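What follows is a structure written as structure tokens; I'll ask about it next.
Read the figures in this text as sums done on the coordinates, not as results from a lab. Computed from a predicted structure; not experimentally measured. For neighbour counting, all protein chains shown are included, and Cβ atoms are generated from backbone atoms with ideal geometry for every residue, glycine included.
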Amino acid sequence: MLPEIDDPNLLVGTNTADDAGVYKLTEELALVYTIDILTPIVADPFTFGMIAAANCISDVYAMGGDPQIALNIIGFPGQGDSKTLGEILRGGTEKAKEAGVTIVGGHTFVTPEIKYGLSVVGYIHPKKIITNAGAKPGDVIVLTKPIGVGTIIQSVLVGKDNGINLKPVIEAMTTLNGEAATAMREVGTNAATDITGYGLVGHLVELAEASKVGIELFTSKIPVHEGAFDCLERGAFEPGITMNLHSFRDHVDRQGIDDNIVHLVFGSETSGGLAIVFPEKESEAFKKKYKHDVPVIGRITADNPGMVKLTP
């Protein structure tokens, strides 16, 4: 349990398990501050660097902020290949540059396995923060990227990915959430979160708890990476599913729902999409501004605060 912080300028802290902290500097300017670090999920170090950077920068986007500067954080084996290290950093730098983020330095430390991430600082107006605590009954939820990343990556690790096309999965993980964040800032968005390690359901449980609302999640509407169900059928059961079931199952009503979709919504994601919550009347406006097809995957309810109910 983290100690409680008493600072009137801390606008968003740890109490709502949000994506990033927000600290007010002036009446018109606040910092959005986040940090994350990953172990490699793909073999190519350059691609891993891009994925890790996109994943870290996404936390600022999820708050409605503009990412600006970052520090590299990398754990690397003492006898590791320096070319691999360089490619990871190059990948991270390229993705940061695409996001308009300047990497100003960083820290390297020795670890048995590779770990890489960013500490990112962004800016936001103190009155324009989008948190996970503002969802209102009647709002709808859209999701900007498919789920199933953890399962498909696990299938590669255990050699059960025969016939699975990884290209769309890699493309999704290396795609920044900046375009979606810009669109959500231009409509009446009430809440948002990005979907990463806790999976779709885990992050929505946090949103439900922070907003003191219930969520009805339409499982048939959730976009899923092609091949993810096949990977589950082949036994590619990634560890994040078990972890997230243990952490969040008491907050999820999953009665009558097929086990495979249950496992996918509990599965961990890397550099996933944004789950964005706004009044239903804003749906068309968001789709026009985002210019991509995004499904409505759920609805905010007044019933059962802190709970997510899975429906067909």
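Count the net charge of all other residues whose Cβ sits under 11 Å from the Cβ of Asn260, scoring Lys and Arg as +1 and Asp and Glu as -1.
-4
On to the next question. Would you mind classifying segment 139-311 by shape? Square roots of the alpha carbon gyration tensor eigenvalues, ordered a ≥ b ≥ c; an a/c under 1.5 is rounded, otherwise it is prolate if a/b is larger than b/c and oblate if not.
It is oblate, given that a/c is not under 1.5 and a/b is not larger than b/c.
Testing the spin-label approximation: label points 7 Å from Cα along Cα→Cβ at Leu25 and Asp259. State their distance in nm.
According to this spin-label approximation, the distance is 5.3 nm.
Sticking with this structure for a sec: Out of all DSSP beta bridges with both ends in the chain, state the antiparallel percent to the nearest 5.
75 percent
List the aspartates and glutamates whose Cα lies under 16 Å from the Cα of Lys291, skipping any in the same chain that are fewer than 8 positions away.
Glu179, Glu186, Glu282
If you don't mind, another one. Can you list residues from other chains, or at least 5 along the same chain, whose modelled amide H is less than 5 Å from the amide H of Ile130?
The list, which skips near neighbours in sequence, is Gly64.
Hey, another quick one. Quick one: His251, His125, fewest Cβ neighbours within 10 Å first, how do they rank?
His125, His251
Output wanted: per-residue J couplings in Hz (rounded whole) for segment 203-213, from phi through Karplus 6.51 cos²θ - 1.76 cosθ + 1.60, θ = phi - 60°, x for Gly and Pro.
5, 6, 4, 4, 5, 4, 5, 5, 8, 6, 9
Express the relative contact order of the chain as a whole percentage, based on alpha carbon pairs under 8 Å and six or more residues apart in sequence.
On the way: 727 pairs, mean separation 75.6, N = 312.
Value for the chain: 24 percent.
For the charge dipole of the chain, defined by +1 on Lys and Arg C-beta atoms and -1 on Asp and Glu C-beta atoms about the Cα centroid, which residue among Pro3, Ala135, Pro239 has the Cα displaced farthest towards the positive pole?
The one lying farthest along the dipole's positive direction is Ala135.
In addition: Per residue of the chain, what 222 nm ellipticity follows from adding -39500 (n - 2.57) for every DSSP H run with n ≥ 4, rounded to the nearest 500?
Rounded to the nearest 500, the figure is -10000 deg cm²/dmol.
OK, next. Taking amide H positions as placed in the peptide plane 1.01 Å from N, state which residues far from Ile35 in sequence (5 or more) or on other chains have amide H under 5 Å from it.
The answer is Val120.
Just tell me which lysines come within less than 18 Å, Cα to Cα, of Lys288; anything on the same chain fewer than 8 places away is out.
By straight Cα distance, Lys288 reaches Lys145.
Shifting gears a bit: Below 8 Å between Cα atoms, with a sequence gap of 6+, how large is the relative contact order for segment 10-124 in percent?
Values: 254 pairs, mean separation 42.5, N = 115.
Contact order relative to length: 37 percent.
Please give the residues of segment 135-149, grouped as numeric ranges, whose backbone N is less than 18 Å from a label point set 7 Å along the Cα-to-Cβ vector of Asn165.
Residues passing the 18 Å test: 145-149.
Let me ask something additional. Across every pair of different alpha-carbon atoms, what Kirkwood hydrodynamic radius in Å does segment 1-87 reach?
Evaluated over segment 1-87, this radius sits at 15.2 Å.
Where a Cα-Cα gap under 23 Å defines reach, which lysines qualify for Lys127, not counting those fewer than 8 residues away within the same chain?
Straight-line reach from Lys127, under 23 Å: Lys24, Lys136, Lys212, Lys281, Lys289.
Would you work out the relative contact order for segment 194-269, in percent, from Cα pairs under 8 angstrom that are 6 or more residues apart?
59 percent
Springs between alpha-carbon pairs under 10 angstrom, Gaussian network model over the chain: which of Glu282, Glu186, Glu209 fluctuates most?
Result: Glu186 has the largest fluctuation of those listed.
Taking 0.36 nm per residue of sequence separation and subtracting the Cα-Cα distance, how much length would be gained by fully extending the chain between Val158 and Leu10, in nm to one decimal?
48.9 nm
Something else: What would the Debye formula give as log10 I(q)/I(0) at q = 0.06, 0.13, 0.15, 0.16 Å⁻¹ for the alpha-carbon point model of the chain, no solvent?
-0.19, -0.93, -1.24, -1.40
Starting from the amide H of Ile69, placed 1.01 Å from N in the peptide plane, find each other amide H under 5 Å away whose residue is 5 or more places distant or on another chain.
Counting only residues 5 or more places away or on other chains, the set is Thr102, Val121.
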